[in-house]
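Participant: Please find one structure pasted underneath; my questions will follow.
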Amino acid sequence: MTYDLSPRPLNPAPAAPAMTWPNGARSAVFVGFDVDAETAWIGNNPSNVDRMVTTSHGGYDARVGIRKILELMDELAIKATFFTPGWTALAHRAICETMLAAGHEIGHHGYLHKLPERDKLDEAFEEIDRGFEALQSALGVRPVGYRAPSGENFPELLAYLARSGIRYSSSFRDDILPYRHAPHGADRGLVEIPVNFAFDDWNFGMSSRSSSRPLFGRDAVLRLWIDEFEATHAWGGVTTLVLHPQVSGRPMRWHLLRDFLRYVQTKPDVWVATGQQIAEHFERQDRDEN
Ligand SMILES: [Zn+2]
């Protein structure tokens with residue numbers, strides 16, 4: 001494989017259009033969970049499948065994490081998006097059905113949470129197809145949103161997602177407002193709802209048995225999240241959360257997340273929405289202006 005390293009913007013998407021949020025809101029908050037379960041541990045490291053304690057980090061999702069997160073969303077009356085690998089939906093069908101029954105959005109998150117790689121296009125496309133098939137057979141849903149497993153993407157994959165009926169992506173880290181990707185061949189570019197890496201709970205609350213690192217406590221993370229949210233709110237952007245039930249469904253982190261979301265809810269001018277709602281709002285504005 002040779003690489004084109006010529007100087008150019010590596011994301012050719014045009015600038016984000018000015019955004020007006022619904023009902024006079026100043027900013028938006030997108031509560032997104034990645035329901036990786038065991039796929040986080042076996043997708044890129046298949047040999048872990050025979051390591052029951054390693055994969056039990058992910059097993060927390062089905063045994064405790066998802067249920068606690070759903071309780072929290074119910075208590076706060078928040079609808080969220082649950083990006084769910086196909087493998088998770090098949091392995092843990094009953095608990096995944098409760099996410100759907102509670103009225104939350106199910107998003108596409110690959111099949112086995114494999115990092116998409118540009119030099120293995122067939123594998124990358126197969127992950128997309130199998131993810132759709134599994135979500136259809138386990139839950140009867142055809143998602144319109146996609147978050148890249150292991151947070152990676154490339155032009156051919158964006159085009160394949162658009163052709164497959166995906167309308168928005170939520171993986172990129174290059175803006176604070178939704179924007180539209182450059183056209184994918186004959187297809188219109190996907191809407192991107194960019195994420196803020198400061199809101200990926202994995203950074204603070206998950207370690208690894210083989211290369212452990214310290215975790216961050218409640219005060220450090222709550223302060224960081226409130227400050228980052230306040231600043232994004234002041235700029236009128238979207239605060240996109242990248243949460244995992246196997247992290248934020250843990251007891252202390254569950255309370256931390258509750259405190260943060262309660263703080264968000266003290267503001268009258270924040271629109272808390274699912275990815276699909278934000279993408280549809282973007283599309284409406286886009287249509288009105290063109
Ligand atoms: Zn994930």
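The values are calculated or read from the model by the stated rules, or taken from the named source; none is laboratory data. Keep in mind that this is a model prediction, so the values were computed, not measured. Cβ sites come from the backbone with ideal geometry, for glycine too, and all protein chains shown count toward neighbours.
Participant: Any idea how many residues of segment 269-290 are charged (D, E, K, R) and not in a helix (DSSP H, G or I)? Give the steps one after another, and end with the answer.
Facilitator: Of the residues in segment 269-290, the ones charged (D, E, K, R) are 269, 280, 283-284, 286-289.
Next, from what is left, pick out any that are not in a helix (DSSP H, G or I): 269.
Here the count works out to 1.
Participant: Would you please list the contacts, defined by Cβ atoms under 9 Å and residues six or more apart or on different chains, that run from a residue in segment 140-152 that is among the charged types (D, E, K, R) to a residue that is within 13 Å of the ligand (Cβ to nearest atom) and outside any loop (DSSP other than H, G, I, E, B)?
Facilitator: Close Cβ pairs satisfying both conditions: R147/G32; R147/D34; R147/T81; R147/F83; R147/G107; R147/H108; R147/V242.
Participant: Still on this structure, please answer the following. Tally time: how many residues in segment 87-116 are small (G, A, S) and either in a strand (DSSP E or B) or away from the ligand (no atom under 16 Å from the Cβ) (or both)? Outline the logic, then answer.
Facilitator: Residues of segment 87-116 small (G, A, S): 89, 91, 94, 101-103, 107, 110.
Narrowing the set further to residues that are either in a strand (DSSP E or B) or away from the ligand (no atom under 16 Å from the Cβ) (or both) leaves 94, 101-103, 107.
So the answer is 5.
Participant: Here's something else I'd like to know. Looking only at segment 161-171, which residues are part of a loop (DSSP other than H, G, I, E, B) and surrounded by fewer than 19 Cβ atoms within 10 Å (Cβ to Cβ)? First the steps, then the outcome.
Facilitator: Of segment 161-171, the ones part of a loop (DSSP other than H, G, I, E, B) are 164-167, 170-171.
Answer for segment 161-171, where residues must be part of a loop (DSSP other than H, G, I, E, B) and surrounded by fewer than 19 Cβ atoms within 10 Å (Cβ to Cβ): S164, G165.
Participant: State whether the residues of segment 139-146 include one that is over 19 Å from T232 (Cβ atoms), under 11 Å from the mean Cα position of the chain (by Cα) and within 16 Å of the ligand (Cβ to nearest atom).
Facilitator: At the first step, the residues of segment 139-146 found to be over 19 Å from T232 (Cβ atoms) are 139-146.
Within this subset, residues satisfying the condition of being under 11 Å from the mean Cα position of the chain (by Cα) are 145-146.
Add one more test, that the residue is within 16 Å of the ligand (Cβ to nearest atom), and what stays is 145-146.
Yes: segment 139-146 contains one or more residues that are over 19 Å from T232 (Cβ atoms), under 11 Å from the mean Cα position of the chain (by Cα) and within 16 Å of the ligand (Cβ to nearest atom).
Rundown of residues vs (1) in a helix (DSSP H, G or I); (2) small (G, A, S), yes/no style:
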position	(1), (2)
F132	yes, no
N153	no, no
A159	yes, yes
L177	no, no
G189	no, yes
P194	no, no
E228	yes, no
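Participant: Given the criteria at pLDDT below 95 and away from the ligand (no atom under 16 Å from the Cβ), does D119 qualify? I'd like the intermediate steps shown before the answer.
Facilitator: Values: at pLDDT below 95: yes; away from the ligand (no atom under 16 Å from the Cβ): yes.
It is true that D119 is at pLDDT below 95 and away from the ligand (no atom under 16 Å from the Cβ).
Participant: If you go through segment 206-225 one residue at a time, do you hit one that is crowded, with 18+ Cβ neighbours inside 10 Å, at pLDDT 95 or above, more than 19 Å from Y146 (Cα to Cα) and more than 18 Å from the chain's Cα centre (by Cα)?
Facilitator: Within segment 206-225, one or more residues are crowded, with 18+ Cβ neighbours inside 10 Å, at pLDDT 95 or above, more than 19 Å from Y146 (Cα to Cα) and more than 18 Å from the chain's Cα centre (by Cα).
Participant: I'm told V191 meets every condition in (1) more than 27 Å from R258 (Cα to Cα); (2) out of contact with any helix residue (DSSP H, G or I) (no Cβ under 7 Å at 6 or more places or on another chain) except one. Can you identify the failing condition by its number?
Facilitator: (2)
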